[in-house]
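The values are calculated or read from the model by the stated rules, or taken from the named source; none is laboratory data. Every value quoted in this text rests on a predicted model; they were computed, and no experiment measured them. Here the Cβ positions follow ideal geometry from the backbone for every residue, glycine too, while neighbour counts run over all protein chains shown.
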Amino acid sequence: MSIHNVTVIGAGTMGNGIVQVFAMYGFKVVMCDISAPALEKAMHTIQTNLDRMVKKEVITEVTAKEALGNIVTISVMADAVKNADLIVEAATENVSIKLDIFRQLDELAPEGCILASNTSSISITQIASVTKRPDKVIGMHFMNPVPVMKLVEVIRGYSTSDEVCTQVMKMSETLGKTPVEVNDYPGFVANRILMPMINEAIYTLYTGVAGVYEIDTVMKLGMAHPMGPLALADFIGLDVCMSILQIMHNGLGEAKYAPCPLLVNMVTAGKLGRKTGEGFYIYEAGSKDFKVAPKFS
């Protein structure tokens, strides 16, 4: 089966980025979210991103216009998925939410439709187990920001068929991405390595080895990371970081994956990073500048 019609479930940061990329490469895309304001905000974000790419001469105005023309927004899941060849779920990184979505998708989507999750840590095998088509369930872990980052982690569940995996790998290449096939274990590859590093950076701050600025500067200048681990944690969302660590801790049973107490306290206090305006840094609305949070100054 060839893929022409794509539905993306979720209009958040990852969802609208995935929608934009598929639309830019000629796919007909339905963006589905139960929140009409979220869909409106997502379309504004996509428009802004495309305008920026035109201004930088990355794409032409024609390409931008065609991409927008490829996108339809729908808030009712049954209507959004009825013609889909591929569905990419990009909802909150929460096990119960994702399982509930996949139960609905399995009932509503065409029989031959591939069901993919953009999960960064949750078991594809577990997600597939609530469907009657586990052979057609796969992970497509895009990186943030989706239009810029080249990697797609393609995660095979225990029952994912060779045909579906090959098809998703090839399709990812048509999106200008580099797909890497990995097996279904907690954290996969990207977060299995990244999250313990972020957690250790938080422990380094927690135990007083160095401050926020110093830790991030060492990693940027000494290890050639484009962004320090604490700034990256803020960018990802501290709640997301904690959730991924908890999933790995529960799934692998090793103490090294347990979230640092400082991380847990910050999430409990609602200091989640960029999206709340404060994490390890303070972020001012409408400004690209940020500074170390007073708590850590």
**Study point:** Given (1) in a loop (DSSP other than H, G, I, E, B); (2) over 30 Å from residue 187 (Cα atoms); (3) without any contact (Cβ under 8 Å) to a residue 24 or more places away in the chain, number of the condition residue 111 does not satisfy
**Key:** (2)
**Study point:** Residue count, region 259-270 (criterion: part of a helix (DSSP H, G or I) and free of Cβ contacts under 8 Å to residues at least 60 places away in the same chain)
**Key:** 6
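From the list 138, 193, which residue is in contact with a helix residue (DSSP H, G or I) (Cβ under 6 Å, 6 or more places away or on another chain) and at pLDDT 95 or above?
Every option except 138 fails the conditions.
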Review point. Residues that are among the small types (Gly, Ala, Ser): which helices (runs of 4 or more DSSP H) entirely in region 1-108 hold 2 or more of them?
Key: 13-24, 36-55, 61-69, 77-81
Review point. Are there any pairs, at least 6 apart or on different chains, whose C-beta atoms fall under 7 Å, with the first in region 143-154 and on the phi > 0 side of the Ramachandran plot and the second surrounded by fewer than 16 Cβ atoms within 10 Å (Cβ to Cβ) and modelled with pLDDT of 95 or more, and if so, which?
Key: none
Exercise for review: Please work out which one of (1) among the hydrophobic types (A, V, I, L, M, F, W, C); (2) more than 25 Å from residue 178 (Cβ to Cβ); (3) touching a helix residue (DSSP H, G or I) at 6+ places or on another chain (Cβ under 7 Å) is the condition residue 36 fails and give its number.
Suggested key: (3)
**Study point:** Residues satisfying the stated conditions in region 271-289, i.e. closer than 21 Å to residue 215 by Cα and without any contact (Cβ under 8 Å) to a residue 24 or more places away in the chain
**Key:** 277, 278, 282, 288, 289
**Study point:** Total residues in region 271-297, condition within 19 Å of residue 13 (Cα to Cα), in contact with a strand residue (DSSP E or B) (Cβ under 9 Å, 6 or more places away or on another chain) and in a loop (DSSP other than H, G, I, E, B)
**Key:** 5
